[in-house]
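Since the structure comes first, as structure tokens, the remarks are kept for the end.
The values are calculated or read from the model by the stated rules, or taken from the named source; none is laboratory data. On a predicted model such as this, the values are computed, not experimentally measured, just so you know. Ideal geometry is used to build each Cβ from the backbone, glycine not excepted, and the neighbour counts take in all protein chains shown.
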Amino acid sequence: MLEKPCAVERAQSVCTAEREPVDSVTVYAGKTGTARLRVRRSSKPMRSKETKHRHRVAVNGRNVVLSTRNPVITWLAKNELTLSFAAIFIVRTCSWLGFAWPRLFLTIQHASLSHRYTRGANDVWFVINWIFQILAARSIMLHNVLPLIPQYFGVKSARSQRRFGETGWFLCYIVLSWSIGFSIWRESPYYMNTRHLYANYPEDHVLMPYGLKWYYLVQTAFWISNIYTIFVEERRKDHMEMLTHHVVTIALVVLSYTFHFTRFGHVFMLVMDFPDVFLSLAKLVRYLGNEMAPNILFGLFTISWVATKHYLCIKMMISIWTEGIFEVPMEKRFPHCPDSFASYPIVGFMWAILCVLQAVLIYWFVMILKVLEKVLIKGEDAADERSDEESDSEDDATPNDTARPN
């Protein structure tokens, strides 16, 4: 007598291991009386939850796993360095040839007689130029420079090398931008004083020093470029939360810049960026195979996260209503743009956006607590709860494998 259930289960397990779905399994007796299986397989390959977002392409000779199959994003990912250098080359060459329009891309506009700067529509061109420069620097660091570090330490996993490059680039930018932003804040009249964030509004807020305007516009370019990078990097479980975070951040930066709220936005960006240094360091050390240092760095990251992204951010949100005065008399407004100053409805809208951002931060803080539970209670290593939606089997692939879209 044939053991039909066992035979069917065995056939389905084999097909599942081969990632092929089974439409039907027929069990019958062969000529010798042994069990025979007739398996009808589906024509479509089976894709698991872990691989539904995988899309591998070759960028600068290295494998890259994209989070989307959009052909436009795929094409941009494969040609981002070429496109960025082409844009930079065209602007620089035309500037060298004496054309006037490249100055919009290369220099900060809207200077006053006092060598301070106002806002204006021409600031968009400077931001666009820096988007290309940031993407070019990212591509070089990500694919040609940073992967050499894990290779030197004997890390052979292609996935670990990619993640090291992505995290390393983010750390390099955050450390550099935060250092520049802090030096500007250190010399400002609103250093360590929230009241001066709103003092004499708008008279003392219309004009900005060169350093603050440059910092603001470059930060805007960085966060806009991040909208692109989250689609060309490996997809995480919190992909939508990350996208929401970037959109909200860009909205806050643009609104605070438009309505002369740059002092508040400047300090807010410094507060938000500080904990990311510890998290990035913890990830980098973990990718290199160290077990103890990531736990220590993750503890420092948790402390700084609570102190900055929750305590200080909420304190700044409260100070908007307790220390700010935003009803600007009409005679103090610009005749050509009377609505360019903050009013209570505008501030209320910005405050609502801050609440959305805080909700995303609370969601991530719950993930942080889960990691702490693993480290302190279960004795496991600190690992990012926002793991990639990617199969771990790719870890054994070498970086120079021929990339084939799945």
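Numbers below:
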item: Scope the stretch 198-251; condition under 16 Å from T118 (Cα atoms) and not in a helix (DSSP H, G or I); matching residues; result: Y201, P202, E203, D204, H205, V206, L207, M208, P209
item: Residue among K315, K309 that is modelled with pLDDT of 90 or more and under 23 Å from the mean Cα position of the chain (by Cα); result: K309
item: Residues satisfying the stated conditions in the stretch 228-258, i.e. over 10 Å from the mean Cα position of the chain (by Cα), farther than 26 Å from A121 by Cα and touching a residue at least 40 places away in the same chain (Cβ under 8 Å); result: V232, E234, R235, R236, K237, D238, E241
item: I184 surrounded by 17 or more Cβ atoms within 10 Å (Cβ to Cβ), touching a Gly at 6+ places or on another chain (Cβ under 7 Å), assigned by TED's automatic domain parsing to the domain that holds A221 and at pLDDT 95 or above; result: yes
item: Candidate set: the stretch 198-236, residues that are hydrophobic (A, V, I, L, M, F, W, C) and more than 20 Å from F182 (Cβ to Cβ); chosen: the one surrounded by the most Cβ atoms within 10 Å (Cβ to Cβ); result: V232
item: Among (1) within 19 Å of L357 (Cα to Cα); (2) buried (at least 19 other Cβ atoms within 10 Å of the Cβ); (3) of a type in the set (A, V, I, L, M, F, W, C) - the single one I250 does not satisfy; result: (2)
item: Checklist (1) touching a residue at least 40 places away in the same chain (Cβ under 8 Å); (2) over 24 Å from F301 (Cα atoms); (3) more than 21 Å from the chain's Cα centre (by Cα) applied to T220, failing item; result: (3)
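Quick grid of which residues meet (1) modelled with pLDDT of 90 or more; (2) of a type outside the set (S, T, N, Q):
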residue	(1), (2)
S179	yes, no
T194	no, no
N200	no, no
L212	yes, yes
R235	no, yes
T249	yes, no
